[in-house]
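Undergrad: One structure coming up, written as structure tokens, with questions to follow.
Read the figures in this text as sums done on the coordinates, not as results from a lab. Worth saying up front: this structure is predicted, and the values here are computed from it rather than measured. Cβ: placed from backbone, ideal geometry, glycine included. Neighbour counts: every protein chain shown.
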Amino acid sequence: MPDLLQVTLFTLGVALLGTLLILPPGVALGWVLARRDWPGKTVVETFVALPLVIPPVATGLILLKLFGRHGVLGRLFENVFGIEIVFTWRAVVLATGVMAFPLLVRTARVAFEEINPRFEEAARTLGAGPWDVFWTVMLPLGARGLLAGCVLAFARALGEFGATVMIAGMIPGQTITLALGIYHEVQLGRDTQALKLLAISVVLAFAAVWLSERLLRRRTI
Amino acid sequence: MTTDAPPPIRVRFRLDRGGFVLDLDLVLPGRGVTALFGPSGAGKTTCLRAIAGLERMPGGLLEVEGEVWQDESRGIFRPTHRRALGYVFQEASLFPHLSVRQNLEYGWRRRRANAPPVDFDHLIELLAIGPLLGRRPATLSGGECQRVAIARALLASPRLLLLDEPLASLDLIRKNEILPYLERLHHELEIPVIYVSHAVDEVVRLADHLVLLADGRVAASGPLTETLARLDLPEAFADEAGLVIEGTVGASDPAYGLVRLDFPGGSVHVAHAAEPAGRRLRFQIKARDVSLALEKPRDTSILNLVPAAVVVVAETAGEAHVLVRLDAGGTPLVARITRLSRDRLKLAPGVAVWAQIKAVAVLA
């Protein structure tokens, strides 16, 4: 069953890449939302939350229009970097990342909001500039929340279906993840194969949650 | 005054934030402890935060040691991390993810290159936090936390130390545990300290200069003894009215358990353990412990009789009493006597009296 192994590794890799891709902007945006006020903040908040509330397939369609051959961003990537995105593994990373983004931003924001502003002020009075404060106070104090956010984003990325199927299609060996695979096998009437993929999904989800619990518990000691 | 007196701290802050008005224009000494004293909501903490740059006052002006930290009319606002200051917050502000030693090193590592050297080990010893270095802030008591916080602030080699009610969150026992450390610092520190407090006893023990704030305005500002001697102080001080006098230890009389304290204009005996002669001590004489006589009383149990002249007689909020400000050979005293006594003795400015002092509290 090289097929199963390939799908599993592909799913893990894509989810990991998607999470890593959104980590810097997600943490930055979470921090900005938690600690800064500016006009139009609510608009940004709403915009970030959109993938959570509109159907994933709709998000997929938006991405398809943006990154497709004739889309603004699609042309940009093709002309500047010579990279094609839609219906490749890159599209899967993009879709999982975009869908997990709101979850990461929200948990990062809450993680930062829970930090007593007194600690930042204390750091500033001790001579730490804004970046210094972020690296030495905000990140370590928000670490647990940020880690939980990453696991959540990763778990969400593992199971992404709707947006992925729109922008990446179901190309065996190229864009099929566990979630897509289950649907694909059922469509072809290969229920046993689908059940095997299901079992792997459950094990991966279980492992991710178990790992995060363990990491969180170790931090508290 | 010596010629090398450090330049003063100039503070001008104006703020009108929907009902809360702050209007301060102060010149504070560049050396010693200035207490910002006043009831809650008077604007003490806001003023301190503005000095630290944690809050920005639109039309603010701030000069420390001849350096302009803020002058909005010229568009100057130095951010907090570029102001060489130490700040001790009311509640614990030690970084919970760092050990006590790492907390101390946080400011130490970031002190400016041209900062005057700080003796790390001496400060650790002075605040008695050596045994705590390896511990996490979560395992410290409130008093220990504040001592570490004070050390952390000083290790950054500040030019100005700001203390925002550092004892307010502590119970009386812990408070009395820290006050001696603050007093020791007071004797050693070369930098000015601004101390926010609403506790009279702390102010009286620690401050050299007193600023009284009420409703966001300066009600009085001046050297501690003078300001405390002013009789038109707001309610908060009236009951505790009294004077802090600095004197030197004269003779000790261990047989009777007394120590003589000399000050310009007289001396008093106080029940106190023997002290080396010449040591400077602060002591407080409250107005309600001072009574007056026109002639030198004889055969009285009261030991302390000081000749003085009436400077001014002031009404108080209460019906029965008046406060009398005295001048005892250059040292101010305040007596609280009844209105009836004032009339019987015909007390008026210039009248020579004997002040009988019933109690003296040694502060430090």
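Undergrad: Fewest to most neighbouring Cβ within 10 Å: what's the order for B:W108, A:W38, A:W135?
TA: A:W38, A:W135, B:W108
Undergrad: Moving to a separate point now. Sort A:C150, B:C47 so that the residue with the fewest other Cβ atoms within 10 Å of its own Cβ comes first and the one with the most comes last.
TA: If I rank by nearby Cβ atoms, fewest first, I get A:C150, B:C47.
Undergrad: To continue, here is another question. If you find the alpha carbon centre of region B:175-206 and of region B:9-26, how far apart are they in angstrom?
TA: 25 Å
Undergrad: Report the local net charge at B:A352: Lys and Arg +1, Asp and Glu -1, summed over other residues whose C-beta lies under 11 Å from its C-beta.
TA: Spelling it out: positives minus negatives among the neighbours equals -1.
Undergrad: Let me check the size of region A:13-170 from its C-alpha atoms; what are the radius of gyration and Dmax in Å?
TA: Gyration radius and largest Cα-Cα distance of region A:13-170: 17.4, 56 Å.
Undergrad: Using only the alpha-carbon atoms, how far is helix B:100-109 inclined from the longest principal axis of chain B? Give it as 0 to 90 degrees, nearest 10.
TA: 80 degrees
Undergrad: Kindly rank A:201-211, B:153-163 from highest to lowest mean number of other beta carbons found within 10 Å of each residue.
TA: In descending order of packing, they fall as B:153-163, A:201-211.
Undergrad: Let me ask another. Using just the helices of chain A, give the 222 nm mean residue ellipticity in deg cm²/dmol: DSSP H runs with n ≥ 4 each add -39,500 (n - 2.57), and the total is spread over all residues, rounded to 500. Working shown, then result.
TA: Values: 11 runs with 169 residues, N = 221.
My calculation for chain A gives -25000 deg cm²/dmol from helical runs alone.
Undergrad: Here's something else I'd like to know. Order the peptides B:92-103, A:54-65 from the highest to the lowest mean number of other Cβ atoms within 10 Å of their residues.
TA: B:92-103, A:54-65
Undergrad: Which whole number gives the average, over all residues in A:64-73, of C-beta atoms from other chains lying within 10 Å of the residue C-beta?
TA: 0
Undergrad: Hey, another quick one. Cut-off 10 angstrom, C-alpha nodes, Gaussian network model of chain B. Which of B:T300, B:T45, B:T248 fluctuates the most?
TA: B:T300
Undergrad: Springs between alpha-carbon pairs under 10 angstrom, Gaussian network model over chain B: which of B:L326, B:L258, B:L62 fluctuates most?
TA: B:L258
Undergrad: Just to be sure I understand the model, the point goes 7 Å from the Cα along the line to the Cβ. What's the resulting B:L303 to B:D343 distance in nm?
TA: 3.7 nm
Undergrad: To continue, here is another question. In percent, how large is the relative contact order of chain B, given Cα pairs closer than 8 Å and 6 or more residues apart? If you can, show how the numbers build up before the last one.
TA: Values: 778 pairs, mean separation 55.6, N = 364.
Taking the mean separation of contacting Cα pairs over the length of chain B, I get 15 percent.
Undergrad: Average partner chain C-beta neighbours within 10 Å, per residue of A:125-137?
TA: 6
Undergrad: Helix-derived [θ] at 222 nm for chain B: sum -39500 (n - 2.57) over DSSP H runs of at least 4, divide by residue count, nearest 500?
TA: Working: 9 runs with 81 residues, N = 364.
Helix-only estimate at 222 nm: -6500 deg cm²/dmol.
Undergrad: Hey, another quick one. Excluding residues on the same chain fewer than 8 positions from B:K358, give the lysines whose Cα lies under 30 Å from its Cα.
TA: Once the sequence-local lysines are set aside, what remains near B:K358 is B:K175, B:K286, B:K296, B:K346.
Undergrad: Can you tell me the length gained on complete extension of the stretch B:D25 to B:A199, counting 0.36 nm per residue apart and subtracting the Cα distance?
TA: 60.3 nm
Undergrad: I would also like to ask the following. B:A138 to A:A28: FRET efficiency via 1/(1 + (r/R0)^6), r the Cβ-Cβ distance, R0 35 Å, to the nearest 0.05? Don't jump to the answer; show the numbers that get you there.
TA: Working: r = 29 Å, r/R0 = 0.84.
The computed FRET efficiency comes out at 0.75.
Undergrad: With only alpha-carbon atoms counted, please give the Rg and Dmax of the protein assembly as shown, in Å.
TA: 34.6, 118
Undergrad: Using alpha-carbon pairs under 8 Å, 6+ residues apart, how would you state the relative contact order of chain A in percent?
TA: Worked out over chain A, it gives 29 percent.
Undergrad: Could you give the nm distance between label points at A:R144 and A:W131, where each point is 7 Å from its Cα heading toward the beta carbon?
TA: 3.0 nm
Undergrad: Now, a different point. Between A:F81 and A:D191, what is the label-to-label distance in nm when each label sits 7 Å out along the Cα-to-Cβ direction?
TA: Here the modelled spin labels are 4.3 nm apart.
Undergrad: Viscosity 1.002 mPa s, temperature 20 °C: what is the translational diffusion coefficient of region A:99-196 from Stokes-Einstein with a Kirkwood Rh over Cα pairs, rounded to a whole number of µm²/s?
TA: Estimated diffusion coefficient is 131 µm²/s.
Undergrad: Here is a further query. Rounded to the nearest 0.05, what FRET efficiency is calculated for A:I171 and A:A199 with R0 set to 25 Å and r the Cβ-Cβ distance?
TA: Computed FRET efficiency for A:I171 and A:A199 comes out at 0.60.
Undergrad: Taking the Cβ-Cβ separation of B:A251 and B:A320 as r and a Förster radius of 56 Å, what is the calculated FRET efficiency to the nearest 0.05? The partial results should precede the final answer.
TA: On the way: r = 39 Å, r/R0 = 0.69.
It comes to 0.90.
Undergrad: Same structure again: Just tell me how shielded B:152-159 is by partners: mean number of partner chain Cβ atoms within 10 Å of each residue's Cβ, no decimals. Kindly include the intermediate steps, with their values, before the conclusion.
TA: Details: counts 3, 3, 0, 1, 3, 1, 3, 0.
Per-residue shielding by partner chains comes out at 2.
Undergrad: Mind ordering A:151-158, B:19-26 by average Cβ neighbours within 10 Å, highest first?
TA: In decreasing order of mean packing, A:151-158, B:19-26 become A:151-158, B:19-26.
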